[in-house]
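Following: one structure in structure tokens, then a few remarks.
Each value in this text was obtained by applying a stated rule to the coordinates, not by laboratory testing. Predicted model only: the values in this text are computed from it and were never measured. When we count neighbours, we look across all protein chains shown, and the Cβ atoms used for this are built from the backbone with ideal geometry, even at glycine.
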Amino acid sequence: MGEPLTLWHQARLATLRPGTPWGLVEQGALLVEGDRLRWVGPEAELPAALRPRIERRIALGGALVTPGLIDCHTHLVYGGHRAQEFELRLKGASYDEIARAGGGIRATVSATRVATDGQLFNLAAERAAVLMSEGVTTLEIKSGYGLSAEHEARCLRVARRLGRELPLTVRCTSLAAHALPHEFTGRPDDYIEAACAWLPTLQAEGLVDAVDAFCDSIAFTPGQTRRMFEAARALGLPVKLHAEQLSNQHGAALAAQFGALSCDHLEHLDGDGVRAMAAAGSVAVLLPGAFYFLRETQLPPVAALREAGVPIAIATDHNPGSAPGLSLLLMLNMACTFFRLTPEEALRGATVHAAQALGLGATHGQLEAGRQADFVVWDLAAPNELAYWFGRNPCLRVVRAGVQTVGPET
Ligand code: DI6
Ligand code: FE
């Protein structure tokens, strides 16, 4: 007979299924079985065989329902903050100058190393709660503020624990190649060798879903990035890359050679990089919060990405240096205003394509039978409103893996 079913009905569904605008279904219903969607469609077409198994019905009064939002690029686990550097930048110092003078990422590494596991967990959990209150059900968390075997492992354990204790799907990415820690000053190749050597242990402990690196003039060279990627490939781990954020290092083309899940930032991406990403099927993760907060002027090549058929995702890049924001909805708005995405592209970027960027393309990011039952009920009538309002949270309910985690009692 199967498990009892819960029917969420009287909804306007933006399923994000391909083929029609927003995958829109009017007078729609979602049938949930355990943690999965059992059936999705117009309520009038609900199969008769399933009706007797419906145990609970929750009427949504015509509200908009979308898939749970997916923030596919964050650095959520860290200690301290960098409001002082923000002030310095406002007085004219550049992000590069601050980093080269030993501030920037390395300042956060110091604050992270002195924080206890409990403090790191509580800080990150508070940040995650803000994201979740706006409809986020899946989150990627990168390490990269530990930069030693001990502290990278600690940060990844905190990220894993968030996935266990919060109603969230968490993907953990090792970003040991984020910056050069002071112990390795002048010896970047030695650091990369060390970071490659940590990977098998981290993987054996189940702490790594993907490997990322920061390939830029203030971080690591393409050669060093390649070494990291080879170590990942030897372990069967997928790769991602912070590529062409501040300069063009041709990192995206390199990442594409390793079949990267995604290349992220991409303001300085060129045509060859776009073609390489298209051929490899890598997702372009655009991060308008970092673009905004660093007062970037170089725009990512959105038209070329679109033309080449590269899927575009949008994420917060939440971190204390270049993007301290915690609103994925605001990122949708900024992706439209700064990058000229359409509101539908922006929403696909925080659902379908974000899932793909995390290797979850088959199970998350769309409202479709068989997928995980992650969805959000909004106090909105039309899906283009999601990218339109800002500074307002229209989220009414969040359901994650079939269980309501935000919203009034059902
Ligand atoms: N690019 C970024 O925007 C963040 N990391 C990266 O590689 C910034 C991280 C920070 O400034 O703390
Ligand atoms: Fe980042």
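Modelled this way, with points 7 Å down the Cα-to-C-beta line, the labels at residue 193 and residue 96 are 3.0 nm from one another.
If you plug the beta carbon distance of residue 9 and residue 129 into 1/(1 + (r/R0)^6) with R0 = 30 Å, you get a FRET efficiency near 0.55. Taken about its Cα centre, the chain carries a charge dipole of about 480 debye when Lys and Arg each add +1 at the Cβ and Asp and Glu each add -1 at the Cβ. On the principal axes of its alpha-carbon atoms, region 69-357 has extents of 44, 42, 40 Å, going from largest to smallest.
Annotation for region 231-257 versus region 37-89: alpha-carbon center distance of 30 Å.
Rounded to the nearest 0.05, what FRET efficiency do residue 295 and residue 87 give with R0 = 22 Å and r taken as the Cβ-Cβ distance? Could you check? Step by step, r from the Cβ atoms, then E = 0.95. What's the FRET efficiency of residue 24 with residue 247 using the Cβ-Cβ distance as r and R₀ = 56 Å, to the nearest 0.05? Calculated transfer efficiency: 0.85. Were the residues from residue 56 through residue 234 laid out at 0.36 nm apart, the gain over their Cα-Cα distance would be 59.2 nm.
Taking every DSSP helix (H) stretch of at least 4 residues in the chain, weighting each as -39,500 (n - 2.57) and dividing the sum by the residue count yields a mean residue ellipticity at 222 nm of -10000 deg cm²/dmol. In the chain, taking the dipole from charged Cβ atoms about the Cα centre, the farthest positive-side position among 206, 331, 262 is held by 206.
Along the axis of the charge dipole computed for the chain (Cβ charges of +1 for Lys and Arg, -1 for Asp and Glu, origin at the Cα centre), the listed residues 293, 62, 83 are led at the positive end by 62. Rounded to the nearest Hz, the phi-derived 3J(HN,Hα) couplings of region 308-321 under the Karplus curve 6.51 cos²θ - 1.76 cosθ + 1.60 (θ = phi - 60°) are 7, x, 7, x, 10, 10, 10, 9, 7, 6, 3, 7, x, x, where x marks glycine and proline.
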